[in-house]
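Derivation of every value follows stated rules applied to the coordinates shown; laboratory data play no part. This one's a predicted model, so the numbers in the text were calculated from it and none came from an experiment. Reconstructed Cβ throughout: ideal geometry from the backbone, glycine too, with neighbour counts over all protein chains shown.
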Amino acid sequence: MPYDAILIPGGGVRAGGELPPWVTRRLDRALERADGAWLIALSAGTPHRPPPLDPSGFPILEARAAADYLAARVADPHRILIEAASYDTIGNAYFSRVFHAIPRGFRSALVITSEFHLPRTESIFRWIYGLEAPGAPCALDFESVPDDGFDPAMLRARAAKERAALAAVEDLRGRIRTFPDLHRWLFTAHGVYSAAPSPGPAADPHMY
């Protein structure tokens, strides 16, 4: 089935713009599945550590590094889009919809992420893309790539964090049911995107 777009959530960028193997697996799968779809690299970076800098001292945005990776592997650079405003999975979904899916009228998209990240990613994207908003509805499919290569202890720790974060997301889904409410929460209560973060779990950027 051809898609209008393939969305690739971020997963970290290292010094010099190097991407970790779990991110390059997502990008490689996107290239395999492209079939004329727009390839959309998501994420500015992470709130957990400062961004790496280029030789001129400017931040290396993860989506920029991912777009460079895609373009170097014969993807048509005119079919690559960047979303470099988000710092977590909720941001990936919100900004990809606002910046690209709505303006371009996408009606179908495939989201590709790692196996360990898939349950939370699917919950978030179905929630945010399912809220009534301007533009055409965009149907989503999801696909995962293997977690091969992870240190087993690291993978267990990530899986535990994912379970806790998924529970927090499901709570939010039950409380935030409109696009205006999502915007209000994101920019007044979320610890990354609000000017004056509120205390408590809703402000914890590790949760989303």
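How large is the helix-only mean residue ellipticity at 222 nm for the chain, computed as the sum of -39500 (n - 2.57) over DSSP H runs with n ≥ 4, divided by its residue count, in deg cm²/dmol to the nearest 500?
About -12000 deg cm²/dmol.
Please compute the contact order of the chain in relative form: average sequence separation of alpha-carbon pairs under 8 Å and at least six residues apart, divided by the residue count, as a percent.
About 19 percent, as a whole number.
Compute the separation of the alpha-carbon centres of region 76-143 and region 149-187 and state it in Å as a whole number.
Using only Cα atoms, the two centres lie 15 Å from each other.
Assuming 0.36 nm per residue, please report the length gained on full extension of the stretch Ser194 to His48 beyond their Cα-Cα distance.
50.9 nm
Would you please put 127-140, 56-69, 152-165 in order of how densely packed they are, using the mean number of other Cβ atoms within 10 angstrom per residue and starting with the highest?
Top to bottom by mean Cβ count within 10 Å: 56-69, 127-140, 152-165.
If the only charges are +1 at each Lys and Arg Cβ and -1 at each Asp and Glu Cβ, what is the size of the charge dipole of the chain around the Cα centre, to the nearest 20 debye?
Once rounded to the nearest 20, the dipole reads 340 debye.
Taking +1 at the Cβ of each Lys and Arg and -1 at the Cβ of each Asp and Glu, which of Leu155, Gly130, Pro119 sits farthest along the dipole of region 100-161 towards its positive end, judged by Cα position relative to the Cα centre?
Ranked along the dipole, the leading option is Gly130.
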